[in-house]
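Values quoted throughout were computed directly from the atomic coordinates according to the rules given, and no laboratory measurement underlies them. These numbers come from a predicted model, not from an experiment. Positions of Cβ are backbone-derived with ideal geometry, glycine not excepted, and every protein chain shown enters the neighbour counts.
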Amino acid sequence: MSAWTFDASDGELLLHTGVTGTAARMGHRLTIAVRSWHATVEWDGDDPAAIEVTVDLDSLDVLRGEGGMTPLSGTEKTLVRTNASKTLRVKRFPEARFRSTAIDREADSLRLTGTLELGGKTGDQTVEVRVGDKEISGAAVVRHTDFGIKQYSMLMGAMKVADDVRVTLTLARPDAE
């Protein structure tokens with residue numbers, strides 16, 4: 001059995017948040033990069049047999065915010081990062097980890113079924129992966145409520161981070177020529 005290993009130098013792991021509530025138009029839809037993560041793909045011949053991804057939650061970096069009443073400033077990016085760390089309880093639970101339990105292959109895509117450990121809770125998670133000639137891309141939706149995480153809110157709850165956070169990963173295929 002062989003293995004591929006990846007980390008942040010091989011690709012981009014992003015979190016995409018939305019905004020809900022009666023004052024949602026005042027908030028920013030955020031794109032947040034994870035600057036420290038690693039993944040291992042174990043192979044059984046030509047088929048992936050197991051996949052594990054570990055994310056350092058203290059490495060979040062707010063890239064941009066779309067929407068909102070004003071552009072997202074550098075000070076606000078710092079505040080968002082601080083609030084995200086508190087919401088995710090990073091000091092107590094510094095990592096999130098996904099482990100596959102089943103991998104279903106169909107043409108150039110994979111459906112990974114497994115468990116996600118986040119915030120001291122473990123839950124079922126599905127990840128859709130597309131394998132292209134030169135890159136591998138994956139996407140999943142992680143819900144705050146599935147892991148007992150209370151979404152950050154402002155204005156007495158009139159504006160809060162949406163329950164669904166879209167997670168995307170894009171990386172170069174190590175076997176692409």
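When the chain is treated as a GNM with alpha-carbon contacts under 10 Å, the residue of M26, M156, M69 showing the greatest mean-square fluctuation is M156.
Please compute the net charge surrounding Y152, taking Lys and Arg as +1 and Asp and Glu as -1 over other residues with Cβ under 9 Å from its Cβ. Net of charged neighbours comes to +3.
A full extension of the chain between R97 and R173 corresponds to an added length of 25.2 nm, given 0.36 nm per residue minus the alpha carbon distance. Taking the centroid of alpha carbons for each part, region 43-79 and region 87-146 are 13 Å apart. At q = 0.14, 0.17, 0.19 Å⁻¹ the log10 of I(q)/I(0) for region 5-159 amounts to -0.77, -1.07, -1.26, computed by Debye summation with a single uniform scatterer per C-alpha, solvent ignored. Partners of K77 within straight-line reach, counting aspartates and glutamates whose Cα lies under 17 Å from its Cα and excluding those fewer than 8 residues away in the same chain: D58, D61, E66. For region 53-134, the square roots a ≥ b ≥ c of the C-alpha gyration tensor eigenvalues yield an a/c of 1.5 or more together with a/b not exceeding b/c, which makes the shape oblate. Note on region 118-177: along the principal axes its Cα atoms extend 53, 25, 14 Å, ordered by decreasing extent.
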